[in-house]
């Protein structure tokens, strides 16, 4: 017992002898253990944060791009609790929205993408983009530029404006951000060339003992921005409209594609054509560019240069040789060198009030066809010479004929126009009434026809009203197989009677020396035919 007591007391003495420091140590150790466990659980459940800076397009086209990436229609059909789409706020300056990337089974969330939108390349908005690029966010950020097939002749100029704006923003970043961008660009340049993994997550090509780095070709990665870039050309269905209305042929579409591929090759950028409501590889391209890959189903990104409305050019796939094969006669070296000249141009300065003065767009809207002079060898100048703007040609044609470059016609209000036409119609109506009235006064009356406002009544009361006669029409009867008009016959009898009376010595015809004719007894004939007419009318 004593031994046990000593042991017990020794144990208690040791524990008591440790004092409050031992208790504090145990608590600190337990607290550190719990913090470590909670941090590990939280980090495991935390979603990867990715960012897309969407430049160009309109408010509606940006929404279409967002819809094609987020698959909102599919989520609504699944009737999930999270199926409600987040709002898209892109009506003013820098817009924002977000969406979650779901796995192939639409159950697991792979990442959350924040989408920042900007529609105007004004340098005044450069300060809005700068806070989005930090050493932590640069490696998870993708730049997307939207173009539209409704105006392909503006693509090269629009692309230059956005590249110059991005350069202005990237140059103003801190040294730490620039070092991070350099690392990102080195990793992107090595993707698909033997360094690391391909864009779709597959393993890089390896030979022998290790990985073989393929050398860069001419014009590749010569103007790296520091961030991955993808250009999306929307509304590819309008190619058919260009064929029908602007007489475009395959040559024009190939020239546009060759210019775009040559320019984007210098930045290591990707290119894709999309059509609304038509499935495409756009989600695969964008998500794989951000390092988001499905855990259940591999979705390889395939290039496509055959289908003109479904073109897909992945990063690090294109080369000058492939561009030349598309159509002979295209000078890739000249276009690539000219793009360097374009990027050496100073960026447009913002207006004094903080808003960019887009004189070029205003002049074109007002019908001014003069374009700014491009430097010699400029790719923008070469592109606009090869891909003509039909509206500019129409404006120049109108300016030659009418000394005016404005095609627009100012229209008046519909009710005002109809009121003016009503006055014109009233004047014509009044003129026609006056002309009809004058003609009715001077026009001789035809036999058997009387004006509407006169009534001829027989003095003896035997003949009906003239209107009744006109309504009944001529009286005809068959005499010996011959159809005879009674009115015409009566008139002939009267004429004969007149001729007979003129044969008398005291008649005017006799005085003029006209040879007298034999007197014909026409009174009985006239009475006979008159009786026939009265009988016929009475029978009716």
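Brief remarks on what is shown
- Here the label points at residue 340 and residue 247, each 7 Å from Cα along the C-beta direction, are separated by 3.9 nm in the simple model.
- Potential extension, residue 488-residue 439 segment - 0.36 nm per residue separation minus Cα distance: 15.0 nm
- Fully extended contour minus Cα-Cα distance, from residue 63 to residue 171, at 0.36 nm per residue: 35.9 nm
- Sorting the segments 291-302, 129-140 by their residues' average number of neighbouring beta-carbon atoms within 10 angstrom, most packed first, yields 129-140, 291-302.
- Shape call, segment 236-299: gyration tensor on alpha carbons, a/c limit 1.5: oblate
- Among 34, 248, a tally of other beta-carbon atoms within 10 Å of each Cβ gives an order, fewest to most, of 34, 248.
- Three-way shape call for segment 46-317 based on the alpha-carbon gyration tensor, with the a/c threshold at 1.5: rounded
- Sorting the segments 50-57, 326-333, 118-125 by their mean number of nearby beta carbons within 10 angstrom, highest to lowest, gives 50-57, 118-125, 326-333.
- Within segment 55-72, backbone nitrogen closer than 20 Å to the virtual label 7 Å beyond the Cα of residue 297 toward Cβ: 67-72
- With the simple spin-label model, which puts each label point 7 Å out from Cα in the Cβ direction, the residue 322 to residue 37 separation comes to 5.3 nm.
- Chain lengthening between residue 96 and residue 476 when straightened (0.36 nm per residue, less Cα-Cα): 127.3 nm
Each reported figure results from applying straightforward, stated rules to the coordinates on display, with no laboratory input. This is a predicted model, so every value here is computed, not measured. FYI the Cβ positions are ideal-geometry reconstructions off the backbone, even for glycines, and counts take in every protein chain you see.
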